[in-house]
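So the structure is just underneath, and the comments pick up after that.
The values are calculated or read from the model by the stated rules, or taken from the named source; none is laboratory data. Every value quoted in this text rests on a predicted model; they were computed, and no experiment measured them. Heads up, the Cβs are rebuilt from the backbone with ideal geometry, glycines too, and the neighbour counts pull from every protein chain shown. In case anyone asks, the SASA skips ligands and DNA or RNA and just uses the protein heavy atoms, side chains included. Shrake-Rupley method; radii C 1.70, N 1.55, O 1.52, S 1.80 Å.
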Amino acid sequence: MRLNEQQIRSLYGQDVQDRSGAKIGSVGQVWADPAGEATWISVKTGVMGHHESMAPLQSARIQQGKLSLPYDKATVRGAPSVETGTDEPLDAQQLAQLYAHYQLQQPGAQAPQQGPAQQRTTRRPEGPEMTRSEERLLVGTESEPAGAARLRKHVVTEDVHTTVPVEHDEVRVEREPIAPGDRRARAEIGDEQQEMLLRAEHPVVSKEQVPVERVRMTRDEVVEDRPVDEQLRRERVDADVPEAARSRR
């Protein structure tokens, strides 16, 4: 796994997990080969006191901010270890033990060693550093009263004009001659009076109260976009380096 300098620095303190996803510990130190490529790390497992187990970066992967090794936890914890915080590079014997433990092919095993085989990369800052900050815009919403809606009911009077059919009795006088020999008629001379009751209708008005309509208020939430204009501050870092000391890379 090839890493740049920034990635190497980010490894320090990063969680280390085995091939099943179980946490082994965290990265303590990082070692690089003579070409500057990171090849080994020490893992703080929390079970070996002042020693840290060594693990190769050859097939490691960085996933979701964690360093994943293709080994189980027991293999890593049982690997050769170094003292916590050591500044010493790995010697040939340590490298041979590590390659043997992880069953890896040691590169250049037959070639004579020229100086230290591995160099430890330091996490100490090489010069002054500062943190650059900037403002981020956080836009949200808050609710506030916007008035009240009310339903009111009051009574109004309106004129109603209509008609209603009414009945009344009218009297009609009919005369019928009596045929001679009609036994039903009696010939009596004298005063007599007959009455017939007459009837007539007149309009009668009454009132009743009936429900005719249900009135309610409902509330709909309407979403609309409103522009937000704001000014944000950010810091800019400028380096004042003499021309002779500027990096040519």
By residue number, the members of the range 158-176 that are within 30 Å of Q194 (Cα to Cα) and open to solvent by less than 100 Å² (accessible area, probe 1.4 Å) are V166, D169, V171
Within the set of pairs 6 or more residues apart or between chains, which connect a residue that is exposed (fewer than 10 other Cβ atoms within 10 Å of the Cβ) inside the range 127-151 to a residue that is not in a loop (DSSP other than H, G, I, E, B) with Cβ atoms less than 9 Å apart? R132/R234; S133/R234; E134/R234
If we scan the range 199-208, do we find a residue that is hydrophobic (A, V, I, L, M, F, W, C), at pLDDT below 90 and either over 30 Å from T131 (Cβ atoms) or surrounded by 10 or more Cβ atoms within 10 Å (Cβ to Cβ) (or both)? no
Is it the case that V241 is touching a residue at least 12 places away in the same chain (Cβ under 8 Å), assigned to a loop (DSSP other than H, G, I, E, B) and under 30 Å from E5 (Cα atoms)? no
Is there any pair linking a residue in the range 83-97 that is without any contact (Cβ under 8 Å) to a residue 40 or more places away in the chain to one that is open to solvent by less than 50 Å² (accessible area, probe 1.4 Å) and aliphatic (A, V, I, L, M), with Cβ under 6 Å and at least six apart or on different chains, and which? A92/A117; L95/A117
With respect to E213, is the statement that it is surrounded by 10 or more Cβ atoms within 10 Å (Cβ to Cβ), under 30 Å from H161 (Cβ atoms) and either at pLDDT 90 or above or small (G, A, S) (or both) true? no
